[in-house]
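The values are calculated or read from the model by the stated rules, or taken from the named source; none is laboratory data. All values reported here derive from a predicted model rather than from experimental measurement. Glycine gets a Cβ as well: all are built from the backbone with ideal geometry, and neighbour counts include every protein chain shown. Side chains are part of the model used for accessible areas, which takes the heavy atoms of the whole protein and leaves out ligands, DNA and RNA. Shrake-Rupley method; radii C 1.70, N 1.55, O 1.52, S 1.80 Å.
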Amino acid sequence: MQGRYTLAHFILTSVLALGMTLLMVGVDAHAQIAFTSDRDGNYEIYVMDANGKNLRRLTNDRHGDLEPSWSPGGKRIAFVSGRDWNLEIYVMDTDGTNPRNLTNNPVNDRHPSWSPDGKHIAFTSSGDRTIADFHANWQIYVMDTDGTNPRNLSNNPINDWHPSWSPDGKRIAFMSDRDGAAEIYVMDTDGGNRRNLTKNASRDENPSWSPDGKHIAFDSYRDGNHEIYVMDDDGKNQRNLTNNPSKDRAPSWSPDGKRIAFSSNRARKQPEIFVMDADGGNPRNLTQDPDDDTNPAWYDPAFAVDPAGKQFTTWGWLKRVAR
């Protein structure tokens, strides 16, 4: 009996291992990067596989769509659109269908970032100024994912931009020039306990949390041109990942934490989407188009969490079998 049980257990384990291997291969092929491109004449949201293949356009509006942000479960993409003459936060299904306006007010709203539980979207709002007014007081807001209950988190007379939610849902990193130069800050999700992480006289911007919450990638002008940096989540151990005379900007971590996508004009005059290992090694070009490709946002179903059940959506069936 013990021998039969051991054999049965071995067969089940082997089947599960084979299934997991096949599933990982299939899932990796469907890891996706959304980004902004003007290759069709104006800015639109595109998506491609994480190897740069299977490129397709998701939006098609003459006023421009940009700055995509995936929902935690991968079912929706928030983005910024000028289709209402000022910039607003929209959301659509991941095939580009069912776009709907979330903010719908006379000011400009940008930089959407989903909370890990899928219940809220942080964003930047210009208050009562227009995009043409460079003295607009940009602030960090948060709203429910249906656009209701917007509230100001930063409440500061100095500009705050580019919110990025920590994976544990407890903090929001953002960019602010409240100390005289653009720097990376972090605050609690109620707007409290704000602190400067970078403390550098040059421009630091576009924070992006690592999936394990231990690091924040950002781009900085401290070396005379834009480069990708990374630091610990308390601001310590800041280090340069790229060292290139071109502009490297807008980092986005892969959900497994092993790679970082970013935009760079190192291959041609206009920016394109690149990816590198998380230590800065092995950079490679994913897009090759003479127009702008920017704002990469990574999604991988193998690491997607269903906010309703708090389970890995791809691996849930396998966990149930293993029980």
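So which chymotrypsin sites (Phe, Trp or Tyr not before Pro) in the range 92-185 are both in a DSSP loop and have at most 10 other Cβ atoms within 10 Å of their Cβ?
Working: sites: Trp114, Phe123, Phe134, Trp138, Tyr141, Trp161, Trp165, Phe174, Tyr185; in loops: Phe134, Trp138.
Hits after loop and neighbour filter: Phe134.
Enumerate the calculated ³J(HN,Hα) couplings along the range 190-204 in order (Karplus 6.51 cos²θ - 1.76 cosθ + 1.60, θ = phi - 60°), each rounded to whole Hz, writing x wherever the residue is Gly or Pro.
Working through the residues one at a time gives 9, x, x, 6, 7, 8, 7, 9, 8, 6, 9, 6, 8, 7, 10 Hz.
DSSP loop (so not H, G, I, E, B), at most 15 other Cβ within 10 Å: list which trypsin sites (Lys or Arg not before Pro) in the range 177-239 pass both filters.
Lys199, Lys214, Lys236
If you scale each eigenvalue of the Cα gyration tensor by 5 and take the root, what three semi-axes come out for the range 143-221, rounded to whole angstrom and sorted largest first? Present the calculation step by step, with values, prior to reporting the outcome.
Numbers: eigenvalues 83, 52, 21 Å².
Semi-axes from the Cα gyration tensor: 20, 16, 10 Å.
Apply the Karplus parameterisation 6.51 cos²θ - 1.76 cosθ + 1.60, with θ equal to phi minus 60°, to every residue of the range 157-165 and state each ³J(HN,Hα) to the nearest whole Hz, in sequence, with x for glycine and proline.
Once θ is set to phi - 60°, the couplings for the range 157-165 become x, 9, 5, 10, 9, 6, x, 9, 7 Hz.
With a probe of 1.4 Å, find how much accessible area the range 135-274 has per residue, and write the answer as a whole number in Å². Mind dumping the intermediate values first?
Numbers: 5810 Å² over 140 residues.
Spelled out: the 1.4 Å probe surface of the range 135-274, per residue, equals 42 Å².
Using a simple spin-label model with points 7 Å from Cα along the Cα→Cβ vector, what separation in nm is obtained for Asn285 and Lys214?
3.4 nm
In 5 Å bins starting at zero, report the fraction of Cα pairs in the range 101-247 per bin as a rounded %.
2, 10, 20, 22, 20, 15, 8, 3, 0
Give the value in nm², to one decimal: projected area of the alpha carbon convex hull of the range 197-298, averaged over all directions. Write out the running numbers ahead of the final one.
Details: hull surface 23.4 nm².
That works out to 5.8 nm², a quarter of the Cα hull's surface.
Using r as the Cβ-Cβ distance of Leu55 and Asn156, and R0 as 56 Å, what FRET efficiency do you calculate, to the nearest 0.05? Don't jump to the answer; show the numbers that get you there.
Numbers: r = 40 Å, r/R0 = 0.71.
Computed FRET efficiency for Leu55 and Asn156 comes out at 0.90.
Can you give the alpha-carbon Rg of the range 238-307 over 2.2 N^0.38 Å, where N counts its residues? Kindly include the intermediate steps, with their values, before the conclusion.
Details: Rg = 12.7 Å, N = 70, 2.2 N^0.38 = 11.1 Å.
Cα Rg divided by the expected 2.2 N^0.38 Å: 1.15.
Past 30 Å, Cα to Cα: identify those pairs from Lys170/Lys236; Lys75/Lys269; Lys75/Lys170; Lys75/Lys199; Lys53/Lys247; Lys75/Lys214, in the order given. Mind dumping the intermediate values first?
Details: Lys170/Lys236 19 Å; Lys75/Lys269 34 Å; Lys75/Lys170 23 Å; Lys75/Lys199 37 Å; Lys53/Lys247 24 Å; Lys75/Lys214 26 Å.
In this structure, Lys75/Lys269; Lys75/Lys199 exceed 30 Å between Cα atoms.
Around Arg266, what is the net charge, scoring Lys/Arg as +1 and Asp/Glu as -1 over all other residues with Cβ under 12 Å from its Cβ? Intermediate values should be presented prior to the final figure.
Details: positive: Lys247, Arg249, Arg268, Lys269, Arg284; negative: Glu227, Asp248, Glu272.
Cβ neighbours under 12 Å give a net charge of +2.
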